[in-house]
Ligand SMILES: Cc1cc2nc3c(=O)[nH]c(=O)nc-3n(C[C@H](O)[C@H](O)[C@H](O)COP(=O)(O)OP(=O)(O)OC[C@H]3O[C@@H](n4cnc5c(N)ncnc54)[C@H](O)[C@@H]3O)c2cc1C
């Protein structure tokens, strides 16, 4: 059995003032907002995110996690891809983002990154996971072997991913709004024959889908410690994220904190 636990707040994370310098629709349901700032000191690993403080009507501020899709250190510029899933604070902000708009951000944070040597790497997720999956795959050097399963609404939501790695990319088209515990993604991963050798898996996206996929991998003998799993959204949850952990891991964490 797995459980979701709120990720601890880290007030010490660096804060950044970001100014919008561009906004384009990359695909019909994905808007890329480009920011500049005093970002010379930003250190991140592909796949990590920032907590963005997005202004809303009547002075409200909405804190939402978004992956750093691309960071150009020379230009001190970064891109964030927003899924336009509904009428919601983050999508409203992204739709209306205009040159010169300013926000603050905290981070980077996150353990869903390419880590440690591996014979092959596995990436799965939906469109909210695509910015992170693309960033991680693009960072892989030649000679790495990667497999990716990404669920989107339709072919118009696919994006080219450029990488030196040997990538087997599978796009899954659900043809409908996303739903929890996606049978498409869960089924695709269940049918995937795990290659021999040491693997590393990054399993991200809708929480129930992530949990089921992680459980499926563990049931097939995939080592838990080689899976980075995080719930990026779930129906009814406002912002935040779900760290997919098991009771024994929760216990170990509580013991560490007690000492
Ligand atoms: C580490 C991390 C990285 C992330 N990176 C990205 C990213 O790069 N790009 C990206 O688009 N998202 C990303 N997300 C997901 C994003 O933070 C959430 O989707 C967030 O809830 C969006 O805020 P909102 O204001 O649009 O909706 P909220 O106000 O948070 O939620 C409103 C309603 O919409 C539902 N909802 C939220 N997101 C979705 C969705 N995608 N599809 C369907 N229903 C949804 C909620 O469950 C809720 O019922 C990331 C999340 C995490 C934790």
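If each residue of separation counts as 0.36 nm, what is the full-extension length gain between residue 139 and residue 224 once their alpha-carbon separation is subtracted?
Length gained between residue 139 and residue 224: 28.3 nm.
Only Cα pairs under 8 Å and 6+ residues apart enter the sum, and on that basis the relative contact order of the chain stands at 20 percent. Applying 1/(1 + (r/R0)^6) with r as the Cβ-Cβ distance of residue 12 and residue 58 and R0 = 30 angstrom yields a FRET efficiency of 0.50.
Projecting label points 7 angstrom from Cα along Cα→Cβ for residue 198 and residue 111 puts them 1.8 nm apart.
In this structure, residue 237 and residue 74 have a Cβ-Cβ separation that, at R0 = 41 Å, corresponds to a calculated FRET efficiency of about 0.65.
Dimensions of the chain based on its C-alpha atoms, expressed as ranges along the principal axes with the largest first, amount to 50, 49, 36 Å. Fully extending the segment from residue 173 to residue 191, taken as 0.36 nm per residue of separation minus the present Cα-Cα distance, adds 4.8 nm.
Placing one equal scatterer on every Cα of the stretch 11-97 and applying the Debye formula, the log10 ratio I(q)/I(0) at q = 0.17 Å⁻¹ is -0.71.
Directionally averaged projected area (the stretch 120-245, Cα convex hull): 7.5 nm². Computed over the stretch 34-156, the alpha-carbon pair-distance distribution with 10 angstrom bins reads 12, 40, 33, 13, 2, 0, each value a whole percent. For the stretch 9-109, relative contact order (Cα pairs under 8 Å, six or more residues apart, normalised by length) works out to 39 percent. Each distinct pair of alpha carbons in the stretch 82-122 adds a 1/r term; the inverse of their mean, the Kirkwood radius, is 13.9 Å. The distance from the alpha carbon centre of the stretch 114-153 to that of the stretch 60-98 is 21 Å, rounded to a whole number. Between helix 247-258 and the chain there is an angle of about 60 degrees, using the helix long axis and the longest principal axis of the Cα atoms. The base-10 log of I(q)/I(0) for the stretch 147-217, evaluated at q = 0.16, 0.20, 0.24, 0.27 Å⁻¹, reads -0.61, -0.93, -1.24, -1.41 [Debye formula, identical scatterers on Cα atoms, solvent excluded]. Between helix 207-219 and the chain, what is the angle of the helix's C-alpha long axis to the longest principal axis, kept within 0 to 90° and rounded to the nearest 10? Result, in degrees: 30. Mean residue ellipticity at 222 nm, helices only, the chain: -6000 deg cm²/dmol; runs of at least 4 DSSP H residues each add -39,500 (n - 2.57), and the sum is divided by the number of residues.
Values in this text are rule-based calculations from the coordinates and carry no lab data. A quick note: this is a predicted structure, and the numbers were derived from the prediction, not measured. With ideal geometry, Cβ positions are generated from the backbone for all residues, glycine too; neighbour counts draw on all protein chains shown.
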